[in-house]
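First comes the structure, then the notes that go with it.
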Amino acid sequence: MDAMKPIDQWNRRARYLLLVLDPEGRDSPVARARARLQRWRELLTLLGAAARELRAIAHPPGLVRGPVGEAVAAHERGCLVLSSPVGDGKTSGAAWRAYHARGPVVWLDAARVGQCRQEQQHAQWLAQCRTADLVVLDDLGAPGSFGTYETPRVVAILTALAARPERSIVTTN
């Protein structure tokens, strides 16, 4: 009977290795790891300057406990506005939600939206707001996001976010 124990152990290890090394299956650990890595690459490219926030929430403790963390974790539909002093974790919470989104994510910096002088780019952002799983408008009210020429561009994005039933997050101080 003891002679069978190493064979059974080897069989368990062999089954595990076959599962892990099978890159063909959609649900194999290798396929899931590749999908997760691709998601990271997409989000890091998309977030630009906010990418450090995504890296921060990926490591323990992840999403910080508190009012912002609870609001973001519970957010399922509609537009969530996070308004609090600098350093309360609004952008980190939005990055956490972006990482956990099921589909395309649009991350817009409010100052960049306000200062955009290309109508085509602005129209593209508005179109993306209609189709994305999650849209984040970060740092509303920051210099460059308000003014005679900037406000209409930012308001158009805010109006699009308010009209969509899917998740949207707006952060502001």
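The values are calculated or read from the model by the stated rules, or taken from the named source; none is laboratory data. The shown structure was predicted, so the numbers you read here are calculated from the model rather than taken from an experiment. Cβ: placed from backbone, ideal geometry, glycine included. Neighbour counts: every protein chain shown. For the accessible areas, the whole protein counts, side chains as well, though only heavy atoms, and no ligand, DNA or RNA atoms are used. Shrake-Rupley method; radii C 1.70, N 1.55, O 1.52, S 1.80 Å.
Output the residue which, of all residues in region 106-159 that are among the hydroxyl-bearing types (Ser, Thr, Tyr) and open to solvent by 20 Å² or more (accessible area, probe 1.4 Å), is nearest to Asn173 (Cα to Cα). Checking each candidate, the answer is Thr151. Exactly one residue among Arg102, Arg97, Arg167 is in contact (Cβ under 8 Å) with a residue 12 or more places away in the chain, among the basic types (Lys, Arg) and more than 22 Å from Pro67 (Cα to Cα), and that residue is Arg102. Of all residues assigned to region 18-29, at least one qualifies as being over 20 Å from Arg167 (Cβ atoms), modelled with pLDDT of 65 or more and surrounded by 14 or more Cβ atoms within 10 Å (Cβ to Cβ). Screening Leu108 with (1) touching a Lys or Arg at 6+ places or on another chain (Cβ under 9 Å); (2) part of a strand (DSSP E or B); (3) under 27 Å from Gln38 (Cα atoms); (4) not polar (S, T, N, Q) gives one miss only, at (1). For region 80-103, give me each residue that is touching a strand residue (DSSP E or B) at 6+ places or on another chain (Cβ under 7 Å), assigned to a helix (DSSP H, G or I) and open to solvent by less than 20 Å² (accessible area, probe 1.4 Å). Residues satisfying the conditions are Lys90, Gly93, Ala94, Arg97, Ala98.
Within region 147-159, can one find any residue that is over 19 Å from the mean Cα position of the chain (by Cα), under 17 Å from Ser83 (Cα atoms) and hydroxyl-bearing (Ser, Thr, Tyr)? For region 147-159, residues over 19 Å from the mean Cα position of the chain (by Cα), under 17 Å from Ser83 (Cα atoms) and hydroxyl-bearing (Ser, Thr, Tyr): absent. Remark: Ile157 matches the filter, which requires a residue to be among the β-branched types (Val, Ile, Thr) and in a helix (DSSP H, G or I).
Looking across region 47-79, the residues that are of a type in the set (A, V, I, L, M), at pLDDT 75 or above and open to solvent by 30 Å² or more (accessible area, probe 1.4 Å) come down to Ala71, Ala73, Ala74.
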